[in-house]
Each structure stands twice: as C-alpha cells, then as structure tokens.
Amino acid sequence: MKKSTKKSYFASLIENKIMKKLLLVVVLSIQLSGYLVAQTKVTVAVAANAQYAMKEMEAQYEKETGKEIELIIGSSGKLTAQIKEGAPFDIFLSADMEYPETLNKADLTISAPKIYGYGTLVLWTLKEFDFKNLTVLSLPEIKAIAIANPKLAPYGVAAVEAMNYYKMYQKAEAKLVYGESLTQVNQYISSKTADIGFTAMSVVLSPEMQGKGKWIKIDKKTYKPIAQGAVLLKSSKERNGTDSELFYNYLYSDKAKKVFKKYGYQFQ
C-alpha cells in the first residue's frame, strides 16, 4: 500500500470513528431532550366524581398555557394506595379530606390539603321510575341499587348515611351492588345493569350524561358534608415542580371555581 493511500485510509478510519461518536452524542441528546419534555407533563390523580369538571379544566388550562395535563381517574382509596406505593403522580384530587390528610401525615405532600369544593349526592336512574325521595328503594321492582364501595369511595359513605337517615338501609341492603369507584357505579346505572344508584351531581350534569334519565338531589342534612381536597405531592419536585405548582394553584383560582360550580360543587 502506498504511503499516501495508507494515510488516507487511516484518516478515513479516524473520521468514521469521530462521526460515530458525534452521532451517538446527537442521539443521546435527542433522547434526553425527549425525556425532559416528557417530564413537563403534569400528572393529576383524580377521584372519579371530579373527572368531568377536571376534563373541562384540563382543556381550558392547556389552551391558555400550552402546558400538558394528564388525568388518571380512580377511586380515592385506590389512588391513595398507588401514591403510597410510589405512583408517579404530581397532584391528587380526592373525593374527601381523609385520604389527602393521610398522605400529608405520611410526609408525601408539600403542604396540608386544601378544600377545592363540596360534592353533592344524587339518586339517579335511566329506568321509568317516578320518585321524589329514597322510599323508592323499597319498591319490589327495584332489584339492584348501585353504590360506590364505602371502604374506598366517600360518596359510598354518604349514600349509606343518607339511607340510614331515612331508615332505608336495612330494606335496601340486600339489593346493593358495589362499584369500586363512581365510574363503575355510573356504568351500572347507564347500562341499566342497576335499576337505580347513588352518584355525584357532577356526573348527571356532565355533557356525557346530562338529560339522561331522572335524578333527585339528596338533602344535605342526611349526610356529612363531602369536603373534597387536593394536595401537591412531594415527588412532583423531581419531575416538574414549577408546572405542577402552577396547576395546583390554578385549581383554587376563580376560573377553576367557575368550572367546579358548573358541575354542582359548592363552596362554603
């Protein structure tokens, strides 16, 4: 091999190695960039009753800020268990105050939970029942009553309290069909698997369900106020602290309050 040819060969070899290293750096940079972008998404764990209000708020916030919000829907109890196990959530909206307070005591939150609204319990059916109160539950044609599991969902607790207030629980107990969350309860009712069921006013006022079936609002004196709280989780700092904090604060803004009111939430 001639000297000039040999020199050209080694130069080409070195150049190829340099190009491969540069290419690797570029690829890694792109992957890291994509990872960092992915981390700017704010992940919000939401109790099933609040999902409709939050979907509207999600769209509103993303349009205003360009920031991406991801909603994870479930029962308050299950979401709390997942957070304790390290689920990568940034914010948690519960159907009560007990679950977020539990997370605060476990030192998993940045601050104590704050109430974002008070929920309202309703009795809802898609079947042809005329009713004005809970005595409808004792009718022989009512064979299945959907209710959220009181061990997991605060609206289930409220439903039991309301039935006890009207002395209807013992008459209805054998007919109760439990859902793990309000989402499952709503499926039971909307599919007519259940004849009637207890859910949140936010559900029957949602675009998906509004105007479907019949419902009555349960008198608030029959159950304890459903104070619903949210917390900013400590783990959010590692991912996207600023974006999470901004959206958490947004939940208590006048714009957010207007959306919550639209779905039947009240403020004291």
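Points worth noting:
- Selected residue [without any contact (Cβ under 8 Å) to a residue 24 or more places away in the chain and surrounded by 15 or more Cβ atoms within 10 Å (Cβ to Cβ)] from Tyr223, Tyr169, Tyr250: Tyr169
- The set of residues from the stretch 231-244 being touching a residue at least 40 places away in the same chain (Cβ under 8 Å) and among the acidic types (Asp, Glu) comprises just one member, Asp243.
- Considering the stretch 162-268, the qualifying helices (runs of 4 or more DSSP H), each wholly inside and each with 2 or more residues that are touching a helix residue (DSSP H, G or I) at 6+ places or on another chain (Cβ under 7 Å) and of a type in the set (Phe, Trp, Tyr), run over 236-250.
Throughout, read-outs are computed from the coordinates displayed, never taken from laboratory work. Just so it is clear, the structure is predicted and the values come from calculations on it, not from any experiment. All Cβ positions, glycine included, derive from the backbone under ideal geometry; neighbour counts span all protein chains shown.
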